[in-house]
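Any read-out appearing in this document is the output of simple, stated calculations on the displayed coordinates, not a laboratory observation. Small disclaimer: the values here were computed from a predicted structure and weren't measured. For neighbour counting, all protein chains shown are included, and Cβ atoms are generated from backbone atoms with ideal geometry for every residue, glycine included.
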Amino acid sequence: MPTVEMERRQVMVIGAGPSGAIAAALLKRKGHDVLMIERQHFPRFSIGESLLSHCLDFVEEAGMLEAVNAAGFQRKNGAAFAWGDQYSAFDFGDTFTNGKPTTFQVQRADFDKLLADQAELQGVDVRYGEAIVSADFSLPKPQLDVLREDGSQYRVEADFVLDASGYGRVLPRLLDLEAPSNFPVRQAVFTHVEDCIDSPAFDREKILITTHPTQRDIWFWTIPFSNGRCSVGVVAAAEHFEGRTENLDDCLRGFIAETPSLAGVLNNAVWDTPARTIGGYSANVKTLHGPGFALLGNAAEFLDPVFSSGVTIAMRSASMAAGVLHRQLQGESVDWQTEFAEPLKRGVNTFRCYVEGWYAGTFQDVIFYQGGTAEIRRMISSILAGYAWDERNPFVSEPKRRLRMISDLCAQDPT
Ligand SMILES: Cc1cc2nc3c(=O)[nH]c(=O)nc-3n(C[C@H](O)[C@H](O)[C@H](O)COP(=O)(O)OP(=O)(O)OC[C@H]3O[C@@H](n4cnc5c(N)ncnc54)[C@H](O)[C@@H]3O)c2cc1C
């Protein structure tokens, strides 16, 4: 038997996306030894380009805000929604929770590279082009096998493993932790265009979410970047793609052509990049932690893209896990369930309630309702800005009841 090359480390992070980079940097800043292994080479394409205000709180905590501010990304100050001739805009500067008034819309290839580089600058050991291929958690300390691009392998023994592998879902697959999502299978088709938008009414500082005129569970994102380009995508349940062309560019443009307000916005766009697709992305797990590991970001649960909450949840999970793990590594006794999984889930479940309401149409009614008070709009705006863990906000502490109350009000007063 050939001897296996063995390395001993304190913390191992799988994946260098937003959750991995933030967790790795936070732990390094607290004085721990951190190895982060990434399968791909950066910059690499990733979807998820519209950020929420709350995610910048974690970028700041990880000492990366200055670099992100200086990178020239498109500033974002809110979210706008359009359906037929209805339009409703929410301002992140006017929220119930006193958070950051602006955030960014980012090309993820650049953003993720910047975060990973910042983590490396802070002393995290980052390795690209290497993939975790197996894991053994039955030993006193976890051991993981890493495959290099030249086909060679080595083993890492770590005190603790944070799985930030996103859609790779490394530990959920290897440890049989996968659980089905409650959401139906949906698919997104998207591209980047030279947008050439000349409409003065179009606000480049907001994501535009447009609902299909007749099928309200089909929606589009338009995410402007600072270089005159836009990310454009459609999201629909799998059955809405049946009978449509398999050519992704034609499929996307077909959906847009059915939606006059969006077709108007993109009238002059130059479609210069082949469309891509991703489907069945909603996922869940049986547990967020176990002896020697915790799951971060999309490696744990992914809900739905509609409120751009993915990167914020990923970074929030990274920050919370880094805090608990730091205390554990210092010899304190910690409870991952009550200090990490349960509080994290509370905010995720708030988003879940509004995602369900979005597809049922009730939350869309609330969004377009113009008769509510300014205070109610501020509470909703707060959630859209990512502050879904602030239990002082009644729309966070009792989302189902509040959503029902307001949608009943909208039904009685359809102004
Ligand atoms: C259609 C769509 C639109 C979206 N839009 C938005 C949006 O506008 N805003 C938003 O906030 N979120 C959005 N999201 C969600 C967002 O993409 C994710 O939530 C976010 O990228 C999660 O970050 P992460 O760090 O958990 O994982 P990722 O960003 O996926 O990073 C995981 C990393 O792990 C690496 N990896 C995987 N397997 C291995 C392995 N075996 N070994 C080593 N490395 C590995 C991968 O290469 C990758 O770099 C969207 C999602 C979808 C599907």
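Among 67, 92, 48, whose Cα lies farthest out toward the positive end of the dipole of segment 44-119, if unit charges sit on the beta carbon of Lys, Arg (+1) and Asp, Glu (-1)?
48
Can you work out ³J(HN,Hα) from phi for every residue in segment 23-32, in order, using Karplus 6.51 cos²θ - 1.76 cosθ + 1.60 and θ = phi - 60°, giving whole Hz and x for Gly and Pro?
Result, ordered by residue: 4, 4, 5, 4, 5, 4, 4, 8, x, 8 Hz.
With only alpha-carbon atoms counted, please give the Rg and Dmax of segment 361-412, in Å.
My reading of the Cα-based Rg and Dmax gives 10.3, 30 Å.
Sort 339-347, 203-211 for me by packing, meaning the mean count of neighbouring Cβ atoms within 10 Å per residue, highest on top.
Ranked by mean Cβ neighbours within 10 Å, highest first: 203-211, 339-347.
Per residue, what volume in Å³ does the Cα convex hull of segment 316-415 take up?
With only Cα atoms used, segment 316-415 gives 93 Å³ per residue.
In whole percent, what relative contact order does segment 186-279 give with Cα contacts below 8 Å and a gap of six or more residues?
44
So what are the chain's ellipsoid semi-axes, whole angstrom, largest first, if each one is the square root of 5 times an eigenvalue of the alpha-carbon gyration tensor?
They are 37, 24, 20 Å, listed largest first.
Two decimals is fine: what is log10 I(q)/I(0) at q = 0.21 Å⁻¹ for segment 120-266, from a Debye sum with one equal scatterer on every Cα and no solvent?
Those come out to -1.20, one per q.
Take the chain, connect every pair of alpha-carbon atoms lying under 10 Å apart with a spring to form a Gaussian network, then pick out the residue of 55, 230, 353 with the largest mean-square fluctuation.
Result: 353 has the largest fluctuation of those listed.
Could you work out the local net charge near residue 322, counting Lys and Arg as +1, Asp and Glu as -1, over the other residues with Cβ closer than 13 Å to its Cβ? Mind dumping the intermediate values first?
Working: positive: 28, 29, 30, 316, 327; negative: 61, 339.
Within the 13 Å Cβ shell, the charges total +3.
Return the single residue from 118, 105, 370 with maximal mean-square fluctuation; model: Gaussian network over the chain, springs between Cα atoms under 10 Å.
370
Checking the cross-link filter: which aspartates and glutamates have an alpha carbon closer than 16 Å to that of residue 286, excluding same-chain neighbours under 8 positions apart?
163, 176, 178, 301, 342
How long, wide and thick is segment 209-306, going by the Cα atoms along their three principal axes, in whole angstroms, largest first?
Projected onto the principal axes, the Cα atoms of segment 209-306 cover 55, 35, 23 Å.
Under the Karplus relation 6.51 cos²θ - 1.76 cosθ + 1.60, θ = phi - 60°, what is the ordered set of whole-Hz ³J(HN,Hα) values for segment 235-247, x standing for Gly and Pro?
Whole-Hz 3J(HN,Hα) from phi for segment 235-247: 10, 7, 5, 3, 5, 5, 8, 5, x, 8, 4, 7, 6.
Could you tell me how many cubic angstrom of Cα convex hull volume segment 265-383 has per residue? Could the numbers behind the result be given before it?
Numbers: hull volume 21.0 nm³, N = 119.
Dividing the Cα hull volume of segment 265-383 by its residue count gives 176 Å³.
Which cross-chain or sequence-distant (5 or more) residues have an amide H under 5 Å from the amide H of residue 281, H modelled 1.01 Å from N in plane?
186
How far is the Cα center of segment 132-156 from the Cα center of segment 284-300, in Å?
Spelled out, the Cα-based centre of one part sits 18 Å from the other.
Which entries in the list 30/206; 28/76; 100/345; 76/345 go over 24 Å, if you measure between the two C-alpha atoms of each?
Working: 30/206 35 Å; 28/76 30 Å; 100/345 22 Å; 76/345 26 Å.
Table pairs above 24 Å Cα-Cα are 30/206; 28/76; 76/345.
Suppose every K and R has +1 on its Cβ and every D and E has -1 on its Cβ; what is the size of the dipole of the chain about the Cα centre, in Debye to the nearest 20?
Details: 39 positive and 54 negative charges, 107 e Å.
For the chain, the charge dipole is close to 520 debye.
Relative to the compact-globule scaling 2.2 N^0.38 Å, provide the ratio for the alpha-carbon radius of gyration of segment 181-237. Kindly include the intermediate steps, with their values, before the conclusion.
Working: Rg = 13.0 Å, N = 57, 2.2 N^0.38 = 10.2 Å.
Here the answer is 1.27, to two decimals.
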